1. Restricting the search to the range 120-137, which residues are modelled with pLDDT under 95 and either more than 16 Å from the chain's Cα centre (by Cα) or open to solvent by less than 40 Å² (accessible area, probe 1.4 Å) (or both)?
2. Taking residue 95 as meeting all but one of (1) within 12 Å of the ligand (Cβ to nearest atom); (2) closer than 20 Å to residue 72 by Cβ; (3) open to solvent by 20 Å² or more (accessible area, probe 1.4 Å), write down the number of the exception.
3. Looking at the range 124-178, which of its residues are more than 9 Å from the ligand (Cβ to nearest atom), of a type in the set (D, E, K, R), over 20 Å from residue 53 (Cα atoms) and part of a loop (DSSP other than H, G, I, E, B)?
4. Is there a residue being hydrophobic (A, V, I, L, M, F, W, C) and open to solvent by 60 Å² or more (accessible area, probe 1.4 Å) anywhere in the range 79-92?
5. State whether one or more residues within the range 58-76 are part of a helix (DSSP H, G or I), in contact (Cβ under 8 Å) with a residue 12 or more places away in the chain and open to solvent by 90 Å² or more (accessible area, probe 1.4 Å).
6. Given the structure, is residue 117 part of a loop (DSSP other than H, G, I, E, B), within 13 Å of the ligand (Cβ to nearest atom) and under 13 Å from the mean Cα position of the chain (by Cα)?
7. Please go through the range 1-53 and pick out each residue that is more than 18 Å from the chain's Cα centre (by Cα) and touching a residue at least 12 places away in the same chain (Cβ under 8 Å).
Amino acid sequence: MNSDRKYKFSWELLGDIATGRPNLGNKTRLEVYRLLLFTFRDVLEQHLGTEKTDQIFYEAGNLSGREFYANMLRPTSDLGEFVRELQQVLKDMGIGILRLEQADVETGEFVLTVSEDLDCSGLPELDHEVCVYDEGFIAALLESFTGMKFKVKEIDCWCTGDRTCRFSAKAENSGSRK
Ligand SMILES: [Zn+2]
């Protein structure tokens, strides 16, 4: 399947923005990002159903997180340093304000919050969390850092009435390091 792929992701696809947009630069309105996100989700759901759509968003977030880790973060084995750098980059890029609320390295259980989240902060209240892409993204960051497989679930969201998004992350089997 891989050899005849048309849309395989590479970081280069983000382009040379300085050359390509000498006047507009790397800025756009956040509504444009959300327009893309939520129209994609609408159409995917119509074609594939809710569960499959969520799975696709989780996997896309996961791919994004892997690429983001490889291209935007300096390698480190220190958890504190990793979190500090991640916080800084997420803030500088306007993605969100990250906090690590709980961390148990032994059991591989973490609770993280993202405030002013790119995907959902300010959305109308819904009866469900919406940040599935973020779940995959955060899982990939933790996976890249620890070498373990993670499952991430959003437990509070702007859309469920909370003012921050809160994610529970659990290593799938903390015994098997890559
Ligand atoms: Zn959320």
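1. Correct list: 120, 121, 122, 123, 124, 125, 126, 127, 128, 130.
2. Evaluating residue 95 over (1) within 12 Å of the ligand (Cβ to nearest atom); (2) closer than 20 Å to residue 72 by Cβ; (3) open to solvent by 20 Å² or more (accessible area, probe 1.4 Å) leaves (1) as the failure.
3. Scanning the range 124-178 gives 125, 149, 163, 172, 177, 178.
4. Scanning the range 79-92 turns up no residue that is hydrophobic (A, V, I, L, M, F, W, C) and open to solvent by 60 Å² or more (accessible area, probe 1.4 Å).
5. yes
6. Spelling it out, residue 117 is indeed part of a loop (DSSP other than H, G, I, E, B), within 13 Å of the ligand (Cβ to nearest atom) and under 13 Å from the mean Cα position of the chain (by Cα).
7. Hit for the range 1-53 is 44, nothing else.
The values are calculated or read from the model by the stated rules, or taken from the named source; none is laboratory data. Keep in mind it's a predicted model, so treat the numbers as computed, not measured. As a convention, Cβ positions derive from the backbone with ideal geometry for all residues, glycine included, and neighbour counts pool all protein chains shown. With ligands, DNA and RNA removed, areas are computed over all heavy atoms of the protein, side chains included. Shrake-Rupley method; radii C 1.70, N 1.55, O 1.52, S 1.80 Å.
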